[in-house]
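Notes follow the structure.
The values are calculated or read from the model by the stated rules, or taken from the named source; none is laboratory data. Here the structure is a predicted model, which means the values were calculated and not measured. Note that we place each Cβ from the backbone using ideal geometry, even for glycine, and neighbour counts take in every protein chain shown. Side chains included, ligands, DNA and RNA excluded: accessible areas come from the protein's heavy atoms. Shrake-Rupley method; radii C 1.70, N 1.55, O 1.52, S 1.80 Å.
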Amino acid sequence: MKRFKVVIPLMVIVAILATWILGKDHSAVPLESRILITIGGTLISGIISYFLLSNKEDQIDPKPKQK
């Protein structure tokens, strides 16, 4: 659940930036294609960030003891 606190805002930021850039620089592309590109980029960024932000606390080596 902690990962979704970062993944969802990241997806929103990607969607806003993709819409802005496609509208500004690539206005010749049809609206339907721009929407599909935005949705695809948003989903891919969400999936990638979900797996990269995984909690692997059980795989961390314990702290070495000092003598």
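Couple of notes before you dig in:
- Helix 31-52 and the longest principal axis of the C-alpha atoms of the chain enclose an angle of approximately 0°.
- Degrees separating the helix 4-25 axis from the principal Cα axis of the chain, which is the longest one: 30 degrees
- Per residue, region 1-40 exposes 79 Å² of solvent-accessible protein surface, assessed with a 1.4 angstrom probe and all protein chains in place.
- Length-normalised contact order of the chain in % [C-alpha pairs under 8 Å, at least 6 apart]: 47 percent
- The length gained on full extension between residue 50 and residue 8, counted as 0.36 nm times the residue separation minus their Cα-Cα distance, comes to 14.2 nm.
- Cα→Cβ-extended label distance, 7 Å offset, between residue 63 and residue 27, nm: 5.8 nm
- Spherically averaged projected area of the chain from its Cα convex hull (nm²): 6.5 nm²
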